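Below: the structure, in structure tokens.
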Amino acid sequence: MIGRPVAWLGRAVSGDWNGLHLAVNVFIATTLLWLLLRTWADLNPIWAISSMVAASDPVVKQAAKTFRGRIVNSLVGSAVGMLVLVVGGPSDWKLPLAMAAAIIVSSYVVRQPTMFRQAPITAAIVIAAGLEKHSKLSGVELGVRRVGEVLLGCVVGVLVSWAMAKLWPAPQASKPGG
């Protein structure tokens, strides 16, 4: 009885178990973030969960590379977003200005190409918090909290990827012709 589903699963994945590994990693990390943020901190975990998915990978080396790029570019976007939020007046131009500035800083100053799109995304998260609250101080506070949630999601994603690689290593992809 158990042999049939296992045989079907083997045929379905055709030797590529990375999707199943990623699904398990995401399931575990989502559960951890949900419990941590929703149950214990009474926060909506969606920012952390979406960030965790981007930082998760069954191949730990790739997860670490993505983690580094995501952290660096999140910090760039956060700094640019905070600067524009605090310095800028009441203007609808804050959002496109902060996003464009974050791309310029990430591309030409920091030069962290992995996950460079994270910089404008994070700047948008910070600016949106300010626009939502209609107050610089409240916007900065909410922006910092959301960026913290994004960074927490990154950390949980890479830690779960690392732990699962130790507990259940993903098979190495076979090389073509070999």
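Any read-out appearing in this document is the output of simple, stated calculations on the displayed coordinates, not a laboratory observation. Given the structure is predicted, the values throughout are model-derived calculations rather than measurements. Cβ atoms come from the backbone with ideal geometry, glycine included; neighbour counts cover every protein chain shown.
Some points to look at:
- Taken over the range 16-167, lysine pairs spaced eight or more positions apart, or on distinct chains, with alpha carbons under 27 Å apart number 4.
- Cα gyration tensor, the range 24-171 - rounded (a/c under 1.5), prolate or oblate: oblate
- Dipole magnitude for the range 102-166: computed about the Cα centre from +1 point charges on Lys and Arg Cβ and -1 point charges on Asp and Glu Cβ, it is near 100 debye.
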